[in-house]
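Notes for the one structure printed next.
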Amino acid sequence: MSHNSFGHLFRVTTFGESHGPALGAIVDGCPPNIPLEAQEIQSFLDKRKPGQSRFTTQRREADAVKILSGVFADRDGRQVTTGAPVALVIENTDQRSKDYGEIADKYRPGHADYVYDAKYGVRDYRGGGRSSARETAARVAAGAVARKVIAGVTIRGALVQVGPHRIDRARFDWAEVERNPLFCPDARAAEFWADYLDGVRKDGSSIGAVIEIVAEGVPVGWGAPIYGKLDADLAAAMMSINAVKGVELGAGFAAAELTGEDNADEMRAGKGGPQFLSNNAGGVLGGISTGQPVVVRFAVKPTSSILTPRRTIDRFGKETDIVTKGRHDPCVGIRAVPVGEAMMACVLADHFLRHRGQVG
């Protein structure tokens, strides 16, 4: 299976399956002499790990990360990167492969079962194997390394919509994101969503969501026109996350409803550079960062594994019904927040190194 890597100068390769012994990432291109301890990576993995609330899968994984290579103690005794590949591994400890025995020959609607079988002639039916969202733990670990490379950039994510229910932007509070298990920046919306998701969960169903990722402190100049656009790489990175079906930057699809006067981000003279009066561009113009916050949103479809019987076929081409058992997220968008942050960090780290390599 090819295409398990992304990035250019900051390059990440992930490995492992949902029910295998472990998964992990190889981070190649990380500059040397950057302080890096396992607990710094662990803090981000703890945000993503399952079983932390009734709104996520109850699979119990510690998601404890180990650094296998690429670090060494400097003269002051600090553990720093050496410039060699940083190898990260996370063991799987709570697999229940028996939950999937009944569907070994059936294709789950909404999952990659059929296309994997058609393409490779073999598929791991235990939770989807390589196509499982479990793989994203490796991305979060790599993203923690990326954050160290771009230490002056702040990256934060939030859940801004669950099903048809959106937050009130007037009540947006980043501090609130840390106070509830839904990563919601609107306390009133978080309370409503909790009751709403309880109903979805009790019905054995699932619901989609929209996640917003914001990077502040990105200087002007990262990215490149035409084939190295920062926004193009961000869109590709977010679309690579499991269950993502749409990505937008800045005003996004709402820009189609704006006039030229409303959409253009006007400028005035400011200290050290232009002062933008709005940010419909989402911090990127012509593929290059403007110095404003980089704002990306992505839509996540409902979790395909649900308890409601669904029509399907088996690998022999016979029609059948399927009920997906096991432990699944009623809204996979919740744990997609730290994953989106990680992908933002990896893309920005890559573009930082590419920018430095070209213009110094």
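The values are calculated or read from the model by the stated rules, or taken from the named source; none is laboratory data. Remember, it's a predicted structure, so these values are computed and weren't measured experimentally. So basically every Cβ, Gly included, is an ideal-geometry build from the backbone, and we count neighbours across all protein chains shown. All accessible areas refer to the heavy atoms of the entire protein, side chains included, with ligands and DNA or RNA removed. Shrake-Rupley method; radii C 1.70, N 1.55, O 1.52, S 1.80 Å.
With all protein chains in place and a 1.4 Å probe, the accessible surface of the chain carries 52 percent carbon and sulfur.
Report Rg/Rh for segment 248-360, rounded to two decimals, where Rg is the Cα radius of gyration and Rh the Kirkwood radius.
1.18
Based on the alpha-carbon gyration tensor of the chain and its eigenvalue square roots a ≥ b ≥ c, which shape applies: rounded if a/c is under 1.5, prolate if not and a/b is larger than b/c, or oblate? Oblate, since a/c reaches 1.5 and b/c is not below a/b. Accessible surface computed residue by residue for the chain, with neighbouring protein chains in place and a 1.4 Å probe, gives 48 Å² per residue. Only Lys, Arg, Asp and Glu carry charge here, each on its Cβ (+1 for the first two, -1 for the last two); on that basis the chain has a dipole of about 700 debye about its Cα centre.
Tell me the GluC sites (Glu not before Pro) within segment 174-256 that lie in a loop according to DSSP and have at most 13 other beta-carbon atoms within 10 Å.
E178
Distance from the alpha carbon centroid of segment 322-360 to that of segment 144-167 works out to 9 angstrom.
Less than 10 Å Cβ to Cβ from A237, Lys/Arg counted +1 and Asp/Glu -1: what total charge do the surrounding residues give? Computed value for this residue: -1.
The C-alpha atoms of the chain define a longest principal axis, and helix 136-149 lies at about 10 degrees to it.
Count Lys and Arg as plus one, Asp and Glu as minus one, and take only other residues whose Cβ is under 14 Å from that of R171; the net charge is then -1.
Local charge for A254 was computed over the other residues whose Cβ lies under 12 Å away, with Lys and Arg +1 and Asp and Glu -1, and equals -2.
Label-to-label distance, I34 versus Q275, with points set 7 angstrom from Cα along the beta-carbon direction: 3.4 nm.
In µm²/s, what is D for segment 199-245 at 37 °C and 0.692 mPa s, where D = kT/(6 pi eta Rh) by Stokes-Einstein and Rh is the Kirkwood radius from Cα pairs? Roughly 239 µm²/s, to the nearest whole number.
Enclosing the Cα atoms of segment 61-192 in their convex hull gives a volume equal to 203 cubic angstrom per residue.
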